[in-house]
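The values are calculated or read from the model by the stated rules, or taken from the named source; none is laboratory data. Worth saying up front: this structure is predicted, and the values here are computed from it rather than measured. Here the Cβ is made from the backbone with ideal geometry for all residues, glycine too, and neighbour counts use every protein chain on show.
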Amino acid sequence: MKYALLALLMAFGIAASAQMVPLRIVSYNLLNFPNGRNDCGGGNTNLPNRADTLRKIMQYLKPDILAGCEIQTAAGCDSVLNRSLNVFGTTYYQRAAFISNSSGGDLQNMLFYNSNKLTLKEQRIIQTGVRDINHYILYVNDNTLPQHHDTCFIEVFMCHLKAGSASAEQATRAEQTALLRTVLDARPQGRHLFVCGDLNTYRSSEVCYQNLITGGASSLKDPINISGNWTNNSSFAAIHTQSPRVSGSTDCGVTGGLDDRFDHILVSQNVMNGANLLQYTTSSYKAIGNDGNHYNQSLLTGTNSQYPDSVVRALYYSSDHLPVKLDATVTIPTTNGLNLTLTMTGGACQTGGTSVTVHPNLGQTPYTYQWTANAGPQTSATATNLSAGSYCVTVTDNNGLSDVVCFEVTANNPLTASVFPGLDDGTCNGQTFAVATGGEAPYLYQWNDPQNQTTATASNLCAGTYTCVITDQNGCSVTVQAIIQSETTSLNELFAESTVSFFPNPASENLTIQLESAKSLEMIELRILSVSGEVVKALQVDFSGTNQVMISLNELQNGVYLVELEKDGVFIRKMIVKRT
């Protein structure tokens, strides 16, 4: 199955000849890379020059895709890229953008790839309560793409699931993969899916693992198809990935010898059977460094029957996990078929359905058109009123030559925005804040103030009315209006020689309001408003005999809010951020 790329232009014809592209995918937990940790008790050693150790492993594996986890910083990602991959004259490796974990912590995921073979089209995140699952969408490079509009999409999901064997920890892992399952099922048919990472699974019967390999529209396959109770079981000695160390503490890694299968690469069915353009290479799935003879032992014990000594030593010192890898082959057709292209109208910035027209550029007229059932009973070159989903159309020319093109119509999530009003005390110190939702991030902001500010927050504003044009990645735009009000004389009198401050800001559980005033203010009305203007919390606060009051934010979701203080019809407003 083939899918439209960029402007939905792609087709696949019957291939008389083809180009073969080998790919190697590696998943590796890099263990607190590059700085290690010092919070695991005495006697821990953080090893230096870890990128050089990793380089020996990468030189042996030569991956086309490396999905890594437990990388602490963007500088750590650059170290992997420039000191472990792009070495000895190699310059073709690139990496995805570094995105900090939305739930906090310093253990991030990252994707590195061979840019001679692959292009990173897009990256997304799936937020979970523990760590983000990172979603990377790549396609295979093809010099003939402008002629036959065909490509092979590869989607990598890099996971680092909750660790631990307790029932609560297993439940958390199950919640994480349930979220992932929802995303997998929504992916276009025909995409080649790879779920990689440290799943922290003890047995195949765990709910978190079953969420991935059973049920849903895109159930995944274990390339080696080995189920059972993997942990502390010598029957699975050849597939264990943790730990290559028996004792000692290095970079706060786990010890105990090889006795757990925590690290996996699971794939979609079409990867296994080659139904589309990519096929798994039989028997290529390996836990690198594990020769099956080191159950509950150090990787350095005795000899290794399958791997070079230099690689084995590097694996021992690099991490408390072993990398897993598999190989696959992509077949790129070199004939054009009917050279199908697509055009689309509607969609991104409009309400209502999308219309798609298929254009055969080769073959003999007249043509017949057969759209998939979810498009409805449509038999012309143009299918109309298509909702979000995946579609295919088969085109047959007068000589009986058939060609197929598939595409995805994305859900129309309209771009909307709201703003906070602001106050100016007469010195042009007003501030307002625009919040965009929907559409396609990132957003561009353009204010019409004298400074022509281009961020979500506009500052140093005099009293007046301002507009902001917000534009998303699709070119859709929305205009919002913000009013900066002038503080009244009564406000100055009420809070004469006074200052109001909120801290901490951002706040997590509690917010302290400090009011230094020359007058006794006693009871003050307090309201917290969401970005849409909805009052989400209201109460009276008593400043009698004190200049500080603490309020709880536990019931609020993470986000931006406006705190409003009112006394005798006069207001003070300030923005806060709730972040746990």
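Quick one: in region 68-80, of everything that is out of contact with any helix residue (DSSP H, G or I) (no Cβ under 9 Å at 6 or more places or on another chain) and surrounded by 18 or more Cβ atoms within 10 Å (Cβ to Cβ), which residue is farthest from Asn49 (Cα to Cα)?
So, considering only residues that are out of contact with any helix residue (DSSP H, G or I) (no Cβ under 9 Å at 6 or more places or on another chain) and surrounded by 18 or more Cβ atoms within 10 Å (Cβ to Cβ), the one farthest from Asn49 (Cα to Cα) is Cys69.
Can you spot a residue in region 29-38 that is within 26 Å of the chain's Cα centre (by Cα), loosely packed, with under 15 Cβ neighbours inside 10 Å, modelled with pLDDT of 95 or more and closer than 25 Å to Ile265 by Cα?
no
Go through region 214-224 and give me each residue that's touching an Asp or Glu at 6+ places or on another chain (Cβ under 7 Å) and surrounded by 17 or more Cβ atoms within 10 Å (Cβ to Cβ).
Answer for region 214-224, where residues must be touching an Asp or Glu at 6+ places or on another chain (Cβ under 7 Å) and surrounded by 17 or more Cβ atoms within 10 Å (Cβ to Cβ): just Ser218.
How many residues, within region 340-352, are crowded, with 17+ Cβ neighbours inside 10 Å and of a type outside the set (A, V, I, L, M)?
So the first thing to find is which residues in region 340-352 are crowded, with 17+ Cβ neighbours inside 10 Å, and the list is 340-342, 344, 346-348.
From what is left, the residues that are of a type outside the set (A, V, I, L, M) are 341, 346-347.
Qualifying residue count for the region: 3.
Of these, Thr345, Thr394, Thr341, which one is hydroxyl-bearing (Ser, Thr, Tyr) and in contact (Cβ under 8 Å) with a residue 60 or more places away in the chain?
Testing whether each residue is hydroxyl-bearing (Ser, Thr, Tyr) and in contact (Cβ under 8 Å) with a residue 60 or more places away in the chain leaves just Thr341.
In region 322-355, what residues are at negative phi, at pLDDT 75 or above and not in a strand (DSSP E or B)?
Pass one, region 322-355, residues at negative phi: 322-336, 338, 340-345, 348-351, 353-355.
Restricting the remaining residues to those that are at pLDDT 75 or above gives 322-332, 338, 340-345, 354-355.
Residues satisfying the conditions are Leu322, Pro323, Leu338.
Of all residues in region 535-580 being under 25 Å from Asn429 (Cα atoms) and of a type in the set (D, E, K, R), which is surrounded by the fewest Cβ atoms within 10 Å (Cβ to Cβ)?
Asp568
Identify the single condition in (1) modelled with pLDDT under 95; (2) closer than 26 Å to Leu184 by Cβ; (3) crowded, with 18+ Cβ neighbours inside 10 Å that Ser167 does not satisfy, given that it satisfies every other one.
(3)
Would you tally the residues in region 51-67 being crowded, with 24+ Cβ neighbours inside 10 Å and among the acidic types (Asp, Glu)?
Residues in region 51-67 being crowded, with 24+ Cβ neighbours inside 10 Å and among the acidic types (Asp, Glu): 1 in total.
Does Thr396 fit the bill of being over 26 Å from the mean Cα position of the chain (by Cα), hydroxyl-bearing (Ser, Thr, Tyr) and crowded, with 17+ Cβ neighbours inside 10 Å?
Answer is yes for this residue.
Do any residues in region 73-92 that are farther than 25 Å from Gly105 by Cα have Cβ atoms under 7 Å from those of residues that are among the hydrophobic types (A, V, I, L, M, F, W, C), where the two are at least six apart or on different chains, and which pairs are they?
Hits for this filter: Leu85/Met58; Leu85/Phe112.
Residues in region 93-140 that are touching a residue at least 60 places away in the same chain (Cβ under 8 Å), more than 25 Å from Asn558 (Cα to Cα) and not in a strand (DSSP E or B): how many?
The number of residues fulfilling the criteria is 1.
Kindly indicate the residue of region 76-101 that is of a type in the set (Gly, Ala, Ser) and under 19 Å from the mean Cα position of the chain (by Cα) and also modelled with the lowest pLDDT among those meeting that condition.
Residue satisfying both the conditions and the ranking: Ser100.
Can you work out which of the residues in region 399-419 that are in a loop (DSSP other than H, G, I, E, B) and crowded, with 18+ Cβ neighbours inside 10 Å is modelled with the highest pLDDT?
Leu415
Select from region 492-508 the residues that are of a type in the set (Ser, Thr, Tyr) and modelled with pLDDT of 80 or more and write down the one among them that is farthest from Phe571 (Cα to Cα).
First pass over region 492-508, keeping only residues of a type in the set (Ser, Thr, Tyr): 498-499, 501, 508.
Restricting the remaining residues to those that are modelled with pLDDT of 80 or more gives 501, 508.
Working: Ser501: 14, Ser508: 25 Å.
Selected residue: Ser508.
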